[in-house]
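Asks: Structure provided below as structure tokens; questions to follow.
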Amino acid sequence: VTRRPVADGAARFGRRDAIKLGGLTISMAAIVAACGEDREGDTSPGRVGYAPPITDPPDYPIDDAVLLRTASSLELTIAEVYQTALGTDLLDAEKVALFERLVEDHLAVADEMGELTESVGGEAWECTNPWYMNRLVEPLIATILASDDPMRDILNTANALESIAAATHQTLTVDLTDEAASAATLVAATLESRHAAAIATAARGADGYVSPAIGGTGPETDADGIALKFAITDRFGSTGQIELVVGAPDVNGVRETFLLQTPSLNALIYNELEPSC
Amino acid sequence: MTPKGLSPVDLDPAAPATSRRSLIGALGAVGLAGAAALSIARPASAAPTSPTEGDKALLSQAMQLELTAEALYRTALAAGLSGVGADLAAVFAENHAAYASEIAGAAGFSADTRNDEVFDLLESAFDTSDADAFAEAAHSLENTAAATHKTLMPEYESLNARRITASIITVQARMATVLSDFGGLSSGFDDLFEPDAEALDLTAGATS
């Protein structure tokens, strides 16, 4: 039996080939079966190199109070970042006025979320979000303060934080079962969307109005290769992660990248958590 | 920033109900609000994913409003708006067309009908090549559209209607903020972040 090429380029196998392949398959199955017996030890996938240990998310119930406590924590976290930015003396008078207003708005939203938490039977959360503070804010601020252009990084960070806060409330307004809480988060989503847009226009004027990505072209970058921020980045309110590049380049010209995401299981403020402040 | 002044766009607010049509709309809204109040007691998992018949009636009105907004931006472009104003009008027209298409797709009908009453009311304000006049009219339109969707939000029973609406409102708020900057319309942060905007009463059409 000869192997003949067929019109589409695939090979046709004869009876002898089938017998050979069958024998090989049976042999491999026997080897795999032998290796699979009496195994002991960790069954998780293997890991190569150094990586922090994986923290399993808590297995606590999620209700409206948890979602609202998380919303409060996120608002207070963002206010904390802005207060740090105001303390750097890097902002001009116009930006100081803007950031002071942003702090005021976030504290007001946090208060409202706290009141709503109590109205649904929970305990208001009056601290920042420990997950975001440890994993995002602290390394982010340290990187910005050592940056070659901290002003650029502060504005890009503020735009990203407002967008992620708006996305969080946009998600919560659908997830919350309490109608008053749902309505309040929609108002917060709207307010924080306006914040994000105002920061982009304050930073870049008309150049910061609309992302060219909406028209189908790729994202624009500045002379340093950092993605530019815009007031309008998508046709629909996105709840996807936001990439934030900040800080001075290292010896290879690489800057620190932070991925901002809406709160998930590991960042929720469960009712069982004790205040951290 | 310059003072906002009076808006050239005088949209019919949802309340108070002074005309017969708005009264009918208000009555319709009361009926829908009653249905929404019952739905609060249901767990979120019990909410239907796809739009209900009640949702579809409201979504149809929302879709028509979006097509109206698209047509108004195209009116400004046809009037000779140029530069940054034209760039914004072109993108915003596409955004509103996308909203109409998304709403129609979720509800299972065609995005082919605008709200002529609203269009006729606003057409003259958008029929301009003057950048400042365009910014003022468009700023008012975006804030009104966002407020209108916000009013409809608690009336929706399905998750998809609520998800789509929330994702539209947040971008309309951004568009309004951009237009405010473009036209120099805000006299302070209160104007910028908490603009006065009243929702259109679309429930009359939804219940007729």
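The values are calculated or read from the model by the stated rules, or taken from the named source; none is laboratory data. Please read all numbers here as calculations on a predicted model, not as lab measurements. So basically every Cβ, Gly included, is an ideal-geometry build from the backbone, and we count neighbours across all protein chains shown.
Asks: Just name the residue that is nearest to the other protein chains (Cβ to nearest Cβ) out of those in segment A:173-191 that are over 22 Å from the mean Cα position of the chain (by Cα) and not in a helix (DSSP H, G or I).
Replies: Here the residue is A:Thr177.
Asks: From B:Ala176, B:Ala145, which residue is more than 10 Å from chain A (Cβ to nearest Cβ), assigned to a helix (DSSP H, G or I) and crowded, with 24+ Cβ neighbours inside 10 Å?
Replies: Result: B:Ala145 is the single residue among B:Ala176, B:Ala145 that is more than 10 Å from chain A (Cβ to nearest Cβ), assigned to a helix (DSSP H, G or I) and crowded, with 24+ Cβ neighbours inside 10 Å.
Asks: Still on this structure, please answer the following. Please go through segment B:154-163 and pick out each residue that is more than 9 Å from every other protein chain (Cβ to nearest Cβ) and either farther than 19 Å from A:Thr177 by Cβ or in a helix (DSSP H, G or I) (or both).
Replies: B:Glu155, B:Asn160, B:Ala161
Asks: Restricting attention to segment B:125-136, does a residue exist that is within 13 Å of another protein chain (Cβ to nearest Cβ), out of contact with any Asp or Glu (no Cβ under 7 Å at 6 or more places or on another chain), assigned to a helix (DSSP H, G or I) and modelled with pLDDT of 95 or more?
Replies: yes
Asks: What do you reckon, is A:Arg194 free of Cβ contacts under 8 Å to residues at least 24 places away in the same chain and assigned to a helix (DSSP H, G or I)?
Replies: Answer is yes for this residue.
Asks: When residues of segment B:101-111 are filtered for being touching a residue at least 12 places away in the same chain (Cβ under 8 Å) and away from chain A (no Cβ under 14 Å), how many remain?
Replies: Matching residues across segment B:101-111 total 5.
Asks: Right, something else. Among the listed residues A:Arg194, A:Arg235, A:Arg255, which satisfies the condition of being more than 23 Å from A:His106 (Cα to Cα), within 14 Å of another protein chain (Cβ to nearest Cβ) and touching a helix residue (DSSP H, G or I) at 6+ places or on another chain (Cβ under 9 Å)?
Replies: A:Arg235
Asks: Do we find a residue being assigned to a loop (DSSP other than H, G, I, E, B) and either within 14 Å of chain B (Cβ to nearest Cβ) or small (Gly, Ala, Ser) (or both) anywhere in segment A:136-146?
Replies: Yes, there is a match, as at least one residue in segment A:136-146 is assigned to a loop (DSSP other than H, G, I, E, B) and either within 14 Å of chain B (Cβ to nearest Cβ) or small (Gly, Ala, Ser) (or both).
Asks: Quick one: is A:Gln170 away from chain B (no Cβ under 12 Å) and under 22 Å from the mean Cα position of the chain (by Cα)?
Replies: No, not satisfied.
Asks: Quick one: how many residues across segment A:107-160 are buried (at least 16 other Cβ atoms within 10 Å of the Cβ) and under 16 Å from the mean Cα position of the chain (by Cα)?
Replies: Of the residues in that region, 13 qualify.
Asks: Could I ask something else about it? B:Asp191 versus (1) facing another protein chain (nearest Cβ under 8 Å); (2) in contact with a Ser or Thr (Cβ under 8 Å, 6 or more places away or on another chain); (3) among the acidic types (Asp, Glu): which is the lone unmet condition?
Replies: The single condition B:Asp191 does not satisfy is (1).
Asks: Name the residues in segment A:214-239 that are closer than 26 Å to A:Ala189 by Cα and either hydrophobic (A, V, I, L, M, F, W, C) or in contact (Cβ under 8 Å) with a residue 24 or more places away in the chain (or both), would you?
Replies: Within segment A:214-239, A:Ile214, A:Ala227, A:Leu228, A:Lys229, A:Phe230, A:Ala231, A:Ile232, A:Thr233, A:Phe236, A:Gly237, A:Ser238, A:Thr239 meet the criteria.
Asks: Against the condition among the β-branched types (Val, Ile, Thr), crowded, with 24+ Cβ neighbours inside 10 Å and within 14 Å of another protein chain (Cβ to nearest Cβ), how does B:Thr151 come out, does it pass?
Replies: no
Asks: What's the total number of residues in segment B:89-99 that are surrounded by fewer than 18 Cβ atoms within 10 Å (Cβ to Cβ) and not charged (D, E, K, R)?
Replies: Qualifying residue count, segment B:89-99: 1.
Asks: How about segment B:56-88: which of its residues are in contact with a Ser or Thr (Cβ under 6 Å, 6 or more places away or on another chain) and crowded, with 22+ Cβ neighbours inside 10 Å?
Replies: B:Gln64, B:Leu81
Asks: Another question, if that's okay. Can you pull out every residue in segment A:241-266 that is among the small types (Gly, Ala, Ser) and modelled with pLDDT under 95?
Replies: Correct list: A:Gly253, A:Ser264.
Asks: Okay, next question. Is one or more of the residues making up segment A:210-220 away from chain B (no Cβ under 11 Å) and in a helix (DSSP H, G or I)?
Replies: Looking for residues that are away from chain B (no Cβ under 11 Å) and in a helix (DSSP H, G or I), one finds at least one in segment A:210-220, hence yes.
Asks: Which count do you get for residues in segment B:66-100 that are hydroxyl-bearing (Ser, Thr, Tyr) and facing chain A (nearest Cβ under 10 Å)?
Replies: Final tally of qualifying residues: 1.
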